[in-house]
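Reading through the structure tokens given below for one structure.
The values are calculated or read from the model by the stated rules, or taken from the named source; none is laboratory data. None of these values were measured; they are calculated from a predicted model. Note that we place each Cβ from the backbone using ideal geometry, even for glycine, and neighbour counts take in every protein chain shown. Only protein heavy atoms, including side chains, enter the accessible area calculation; ligands, DNA and RNA are left aside. Shrake-Rupley method; radii C 1.70, N 1.55, O 1.52, S 1.80 Å.
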Amino acid sequence: MQTITVEELKAKIDAGEKLNLVDVREPHENAEFNIGGILLPLGRVQTMETGEIDDLKDETVYIYCRSGNRSGQACLILETLGYKNVINVTGGMLAWQERIAR
């Protein structure tokens, strides 16, 4: 599994790159703060309910959560489901809020 720091991801967003972002947190966490990713809670990934992102299997997909733990789990599961290039955002939204969204 590949990883990316929140600073590297923010630089890609700022450069205007088209990114596939997937948030595996719970809806209430997403409602509090998010960076615009598709909400797909980890529980749905674990039960292989990934329909809304199945068209991204051959694309680069950046997976994030609160701290980087759930997104790491999601990356491993998605890789077994045939996703070619999933990247875990290390530190998650905690790191994002601490280092970027001050």
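Computed values, structure above
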| quantity | calculated |
| --- | --- |
| Potential lengthening between residue 2 and residue 48 on full extension [0.36 nm per residue; Cα-Cα distance subtracted] | 14.5 nm |
| Spatial separation of Cα centroids for the stretch 55-70 and the stretch 79-99, in angstrom | 5 Å |
| Top of 24, 45, 89 by mean-square fluctuation, Gaussian network on the chain, Cα under 10 Å | 45 |
| Charge sum, other residues only, whose C-beta stays under 14 Å from residue 84's C-beta, Lys/Arg counted +1 and Asp/Glu -1 | -4 |
| Sulfur and carbon atoms: percent of accessible area, the chain [1.4 Å] | 48 percent |
| Per-residue ³J(HN,Hα) for the stretch 13-26, Karplus 6.51 cos²θ - 1.76 cosθ + 1.60, θ = phi - 60°, Hz, x for Gly and Pro | 4, 4, 7, x, 5, 7, 10, 9, 9, 10, 9, 9, 7, 7 |
| Extreme residue, positive dipole direction of the chain, given options 56, 91, 22 (C-beta unit charges) | 91 |
| Global geometry of the stretch 1-98, whether rounded, prolate or oblate, following the gyration tensor of its Cα atoms and the 1.5 cut on a/c | oblate |
| Mean separation of Cα contacts under 8 Å (6+ apart) over length of the chain, as relative contact order % | 36 percent |
| 5 angstrom amide H check on residue 87, placed H, neighbours 5+ away | 61, 62, 63 |
| Qualifying chymotrypsin sites (Phe, Trp or Tyr not before Pro) in the stretch 2-88, DSSP loop, other Cβ atoms within 10 Å at most 16 | 33 |
| Loop GluC sites (Glu not before Pro), the stretch 1-94 (other Cβ atoms within 10 Å of the site Cβ: 15 or fewer; DSSP) | 17, 49, 59 |
| Net charge of neighbours whose Cβ lies under 15 Å from the Cβ of residue 39, counting Lys and Arg as +1 and Asp and Glu as -1 | -2 |
| Amide H within-cut-off set for residue 39, under 5 Å, with H built and near neighbours excluded | 23 |
| Per-residue HN-Hα couplings for the stretch 31-46 [Karplus 6.51, -1.76, 1.60; θ = phi - 60°; Hz; x = Gly/Pro] | 5, 5, 6, 8, 10, x, x, 6, 7, 9, x, 3, x, 6, 5, 4 |
